[in-house]
Amino acid sequence: MTARIIDGKQVAEGLRTRLAARIATLPFRPGLRVVRVGDDPASGVYVRNKDRAAAAAGFDSATLHLPPTATEAELLAVIAELNADPAVDGILVQLPLPPQIRAEAAIAAVDPAKDVDGFHPLNAGRLAAGQPGLVPCTPKGVMHLLREAGARLRGARALVLGRSQIVGRPMAQLLLGADCTVTIAHSRTRDLAAECRRAEILVAAVGRPEMVRGDWVGEGAIVIDVGINRTAEGKLVGDVAFAEAASRAAAITPVPGGVGPMTIACLLENTLDAALARRQG
Ligand code: GUN
């Protein structure tokens, strides 16, 4: 079998175009504020891409940049101002934060109604309880891609490789909510290859370059690769050995151009959802 390539760039563009069309009909521009602390270069690239995509879709978007020496109290004061600002619908605190600031404290300080990252414990709890709320962008993007790939989710054996707060755990909740039979596997899982091979839907989110080999992939599986890893040679690779996996899978996402572009599109979707929910009271 040679896998169909799931084109995340194209799906993300479609989603951004639909969001822009909806925003064009609104009497206001949904407001997104990204808070960046310090000079992590990768964060600089992410934040610029977010700003650009948000502005192109018609959002009122801005980045607040704090120095690397900013204290936790200073960051919390900025977040409190944004919480209180009626023009702001979505707040994203870019991670990682410098060591003097606790990420949990920053995440918990964001008004859950403006938490477009879906990281606040209240939103994580809502997701776990099957209640509506703001959902983390990357797992949400994966669900869009699975639907786009025509995946039959009800009753399907889904395996999530990775148990992070940002991807693995919410991913498993979303798949469960779509009636998959979900396994969460991780670095301590016994016989990981065999667990992966049983999956009809395999979502890899461990951050280990090309860890998932071709013979870990079941014939006809749908493979979603969340990993973005840079090799010693400077090449971007996923958590899945793409060519090997593509010879067995029915459909697979590439890296780059798979899940990555969906994350920003879903951030914009969350910001529009948050704006509409807040304004409806
Ligand atoms: N850093 C890398 N990815 C993300 C993300 O999705 N959200 C935030 N806030 N920071 C990140």
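The values are calculated or read from the model by the stated rules, or taken from the named source; none is laboratory data. Bear in mind that the values here come from a model prediction, so they are computed numbers and not experimental data. Quick reminder, even Gly has a Cβ in these numbers, built from the backbone with ideal geometry, and neighbours come from all protein chains shown. Note: areas computed on protein heavy atoms with side chains; ligands, DNA, RNA excluded. Shrake-Rupley method; radii C 1.70, N 1.55, O 1.52, S 1.80 Å.
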Q. Looking at Arg197, is it among the charged types (D, E, K, R), free of Cβ contacts under 8 Å to residues at least 12 places away in the same chain and either in contact with an Asp or Glu (Cβ under 9 Å, 6 or more places away or on another chain) or farther than 18 Å from Leu153 by Cβ (or both)?
A. no
Q: Those residues that are outside any helix (DSSP H, G or I), open to solvent by 60 Å² or more (accessible area, probe 1.4 Å) and more than 16 Å from the ligand (Cβ to nearest atom), I need them from region 228-246; list them, please.
A: Ala232, Glu233, Lys235
Q | Flag for Thr189 being within 16 Å of Ile5 (Cβ to Cβ), of a type in the set (S, T, N, Q) and more than 16 Å from the ligand (Cβ to nearest atom) | A | no
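Listed here are the residues, each with its yes/no results for (1) within 16 Å of the ligand (Cβ to nearest atom); (2) among the acidic types (Asp, Glu).
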| residue | (1), (2) |
| --- | --- |
| Val78 | yes, no |
| Val88 | yes, no |
| Leu92 | yes, no |
| Gln100 | no, no |
| Glu104 | yes, yes |
| Asp111 | yes, yes |
| Asp117 | yes, yes |
| Ala129 | no, no |
Q: Check region 262-276 and report whether any residue there is buried (at least 20 other Cβ atoms within 10 Å of the Cβ), at negative phi and part of a loop (DSSP other than H, G, I, E, B).
A: no
Q | Residues satisfying the stated conditions in region 62-72, i.e. in a strand (DSSP E or B) and open to solvent by 30 Å² or more (accessible area, probe 1.4 Å) | A | Ala62, Thr63, Leu64, His65
